[in-house]
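Below is one structure, written out as structure tokens; the observations come after it.
Readers should treat all values here as calculations from the given coordinates under stated rules, not as data from a laboratory. Just so it is clear, the model here is predicted, and its values are computed rather than measured. Note: ideal-geometry Cβ built from the backbone for every residue, glycine included; neighbour counts use all protein chains shown.
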Amino acid sequence: MMEYTGLLGSVVLLIVLALRGVNIILSTLICSLFVILTNDLPLAPSLSEYYVFGPLGAFTFAGKFFLLFAAGSIFGRVMGESHAAASIAMALIRRLGAHRALWITTLACALLTYGGVVVFVVIFAIYPLGLKLLQQANIPKRLFCGALALGAATFTLTTLPGTPSIHNVIASVALGTDLFAGLWIGIAGGLAMFLLGMWYLERERKLALINAEGFVPGPADHISDLDESEYPHWLLAALPLIVVIGIILLPRLVGLSLEITTLQEGSLVRTLLEFANSQPIIWPSLALFTGSSLAALLFPGLRRQTLAVMGQGTQDSVMPLINTAAVIGFGGIVTHTAGFLEFTSAMINADLPPLISAFFSVSLVSAITGSASGGLQIFMQTMAPAYVAMGLDLQELHRITTMASGGLDSLPHSGAVVATLTITGLTHKQAYKDIGVITVVIPVLVTVALIAFLSV
């Protein structure tokens, strides 16, 4: 009993501390000690191995994603300081209207993530653009977080069939299905999440207008105050962003048009494509560095201070990386507890319909670890074979469990939530309500509704 109390109590405590604005690194250390004491884990290995260097360790995550965070932050700073992001934003506003800023943000994020761009890259790439959009439309920054979450972390990440996200790949590899498994379930679920999410964001935007709640920049936000005539032309300004997206998507586009094995062994093109496909972190990092370098060449105002701006961007990446890594490290300790192992066994043996049991299993594991991909990976490794043995349709199991992983994973202690708030300079108190509705309430309701329909 103590194991369960310590496990659930630590998660609740971490959420409470996050909502109260306590430093997230300190919070994870306090909660990790609570888990260690209540689950009788060895102190030294838990802190030096599970928390720091284990498969879900803080430094394991930080080491794996350091280049991506640094490259993304540099690109965001370069696009902001060169006024390229402002130029693109103003061009979009002229054509679509400032009041559609949330639609622009959501659809831009959705296109990027469905194209295979990592969520963290999307945040860094879209943020400087979003700042100018919000300023012009006088929309609160908290709704930008909601639009970012809707486009990058809901329907394109776990729901739409064919998405190249790690979540879809994990399920595909484990179950032997393809990325389009559960086609109609994914289409219906993705459409419902998008429409409900946009309805909520637009409702909040109109309420903010009535309540005179507008855009307030954070202390670290760099928004161009130049006259629009001094901005680079929007086509030129968009070139670095187009290059970044093009380089990231190139291997996937080439793979759709031809088989890599048809290329000559050892040829430059084949070697490059094989490298790109085998490096989901290094390749987009190189794309971001390339885009930053191109911006330095294109924009004279940036050229004279390139290294200083890039250095500031590198510094900007430190806190989002460390904060996110600390939350991941907490999850690394949690997965070693007896309570966690007993929980996984109890869910498999629960007297529930198999599809509902699978939904709860993935949801709760993702909630405890604060990670959709981590929760889904643990489920597929430890619990999925039992559900397959129950005779569940693999197509349905693939899509429902993938969708379920993207619900309770986004509680306040989620690494992605912490990274988003750190990058945007907002607190849980300011922005989590909107993120929670978009990434927790709506996905869970949609997934439960689909399970009910399938059961009928």
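A few remarks follow.
- Rounded to two decimals, the Cα radius of gyration of segment 32-76 over 2.2 N^0.38 Å is 1.54.
- Normalising by residue count, the chain has a Cα convex hull of 155 Å³ per residue.
- Charge dipole magnitude, Cβ of K and R +1, D and E -1 - the chain, Cα centre, debye nearest 20: 940
- Normalised by 2.2 N^0.38 Å, where N is the number of residues, the C-alpha radius of gyration of segment 1-68 stands at 1.18.
- Potential lengthening between ALA389 and LEU268 on full extension [0.36 nm per residue; Cα-Cα distance subtracted]: 39.0 nm
- According to the Cα-based calculation, Rg over Rh for segment 28-115 is 1.25, with Rh computed by the Kirkwood formula.
- A full extension of the chain between GLN312 and LEU297 corresponds to an added length of 3.6 nm, given 0.36 nm per residue minus the alpha carbon distance.
- Lysines whose Cα lies under 16 Å from that of LYS429, excluding same-chain neighbours fewer than 8 positions away: LYS141
- Computed across segment 41-176, the Kirkwood hydrodynamic radius from all distinct Cα-Cα pairs reaches 16.7 Å.
- Segment TRP199-GLU49, length gained on full extension (0.36 nm per residue, minus Cα span): 49.5 nm
- Residues in segment 310-324 carry Karplus couplings, in order, of 5, x, 5, x, 4, 5, 4, 7, 5, 5, x, 5, 5, 4, 5 Hz; the curve used is 6.51 cos²θ - 1.76 cosθ + 1.60 with θ = phi - 60°, and Gly or Pro positions show x.
- Ranked by the mean number of other Cβ atoms within 10 Å per residue, highest first, peptides 81-93, 291-303, 363-375 order as 363-375, 81-93, 291-303.
- Orientation-averaged projected area, Cα convex hull of segment 347-456 (nm²): 6.9
- Each residue of segment 66-74 was assigned a 3J(HN,Hα) from its phi angle through the Karplus expression (A = 6.51, B = -1.76, C = 1.60, θ = phi - 60°), giving 4, 4, 5, 5, 5, 5, x, 5, 4 Hz with x at Gly and Pro.
- Site pair LEU236 and ASP178 shows an inter-label distance of 4.6 nm when each label is modelled 7 Å from Cα along Cα→Cβ.
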